[in-house]
Structure formats: structure tokens, C-alpha cells
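The block underneath contains the structure these notes are about, expressed in C-alpha cells.
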Amino acid sequence: MRIIARLDIKTKNLIKPIQLEGLRIVGNPNEYAKKYYEQGVDELILIDTVATLYGRNHLSKIIKETSKNVFIPITVSGGVRTIEDADQIFKSGADKISINTAAIDDPEIINKFVKKYGSQSIIISMDVKKINDNSWECYTHGGRERTGRNVEDWCREVESRGAGEVFVTSIDRDGTKKGLDIQLGKVISKNLEIPFIFGGGFKSEEEVLKIDFLGNSDGLAVGSAIHYDHTSIEKIKLKIT
């Protein structure tokens, strides 16, 4: 299983929202990226938390600086709407792009990105909320807008369009450190054959034992738990081995 550090960024600051709302400034994203790289993290996800809301992406400078100091895959999410947006991000040093709002608005964009960059470079982000005991709905615009799409159908569609991976975040658990939504993880696993990254609410290294059985979930996204030293990359990896 890959351990992936999730870095939520607003302008030049690493922040940590709770349930994708509000924020607390954590520090310099480049410093934390380097710290996690040195601790042995497998990948980084850099998320521009306000890019979609304001129709722009500000991460190019941060990506360039980060890629000078870390030599692991970097995924960038937030505000990717066009081929031109993607080109800029890849030229800045990213290895993958992750799209959510643009894909929901126009699913054909998934096919276009896959054709140009290859499926291995295209991740579909899904920010989801629990609607009832057995149903989750996808949200866009940083978890603010309902889409009416249930997560199962959307998983199957993005896979059919060639996406190489899916990144699922439970909005209900995000930043709460109350534990992963394992029921959601099971639903995703049943509806996908491609790998998926799972996150939202991770609280301790013990949880790795709970998600090991999710099959194609080969990526664990961690934010608050490592930002605030509730656990560490090393402790999480020890549980995997």
C-alpha cells in the first residue's frame, strides 16, 4: 500500500480544513513536502483548495519548488479544467493531475486527458457525503455543490472513460480524525477494478489493518494525522509490513 501525504494549500500556505470547510494554517507546504519525503512517504497530493472557486490555479511555483527537493510522484488537484491547465501543471513538475469538478461538468474531458497524457497520469477525485446508510453522493467545488451523482455509478463511468485511478475523500470524516469510513471503502472497491486512493478521517496507524482487505485500495491519503504528529509515516509503514 502506498502512503500518500495530502497537502491542502491555499495561496502559499499549507492548511487543514475540517470536512473541507474552514481552515487552520499549518505551515510552509514545501517544508512539509520535504519532511514527508525524507520520512519515506511514497507520493504527494497537492490540492489547491480554492482554485475551482476562483477559476484559477496558483500552484505552479509551489510545484516547481517541491519537485526540486522530492523525487517521488506528485499529483496536483484543483482548478484543472483544460489541456492548457494540465500542460502548465505537468511542465511545473507534476507527475499526475487529479480532476473533480471539471470531470463532473463534462465527463468527455476525462477521455481527452487520457488520450493526451495516458491513463496513468489521470486521477479522478471524488469528494463524497453520506446520504443514507447505503448511499454516498459526489460533491464538487471543494465539497460545496451537490451533483446528484451517486459514487457507485460515477466510479464505473470514470473507469470506462479510461481514468487510471480514483481518489476518494469522505467529506464527513475529512479532518476530524474520527477514523476512515470503511463502509464507503467497501462500496468503492466493489465498483472499481482500477486502483483507488482512500482518505478522510485517518486517525492512527492501527487503521491500516482495517483497509488492507479493500483489495484494489492501494493508496492511503493522510493529512491531519501526520501534520499534527498524531502518527508518522514510519509508524504507518511499520503496520503495513
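The values are calculated or read from the model by the stated rules, or taken from the named source; none is laboratory data. Please read all numbers here as calculations on a predicted model, not as lab measurements. Cβ sites come from the backbone with ideal geometry, for glycine too, and all protein chains shown count toward neighbours. For the accessible areas, the whole protein counts, side chains as well, though only heavy atoms, and no ligand, DNA or RNA atoms are used. Shrake-Rupley method; radii C 1.70, N 1.55, O 1.52, S 1.80 Å.
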Please find, among 142, 162, 118, the residue that is closer than 21 Å to residue 201 by Cβ and small (Gly, Ala, Ser). 142
Just checking, how many residues over region 11-42 are open to solvent by 80 Å² or more (accessible area, probe 1.4 Å) and assigned to a strand (DSSP E or B)? 3
Of the residues 234, 193, which is exposed (fewer than 15 other Cβ atoms within 10 Å of the Cβ), part of a helix (DSSP H, G or I), of a type in the set (Asp, Glu) and out of contact with any strand residue (DSSP E or B) (no Cβ under 7 Å at 6 or more places or on another chain)? 234
What do you reckon, is residue 187 at pLDDT 95 or above and either among the hydrophobic types (A, V, I, L, M, F, W, C) or out of contact with any His (no Cβ under 9 Å at 6 or more places or on another chain) (or both)? no
Could you figure out which of (1) among the aliphatic types (A, V, I, L, M); (2) assigned to a strand (DSSP E or B); (3) farther than 23 Å from residue 175 by Cβ isn't true of residue 109? (2)
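Yes or no, residue by residue, for (1) without any contact (Cβ under 8 Å) to a residue 60 or more places away in the chain; (2) open to solvent by less than 10 Å² (accessible area, probe 1.4 Å); (3) hydrophobic (A, V, I, L, M, F, W, C):
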| position | (1), (2), (3) |
| --- | --- |
| 90 | yes, no, yes |
| 105 | yes, no, no |
| 147 | yes, no, no |
| 163 | yes, yes, yes |
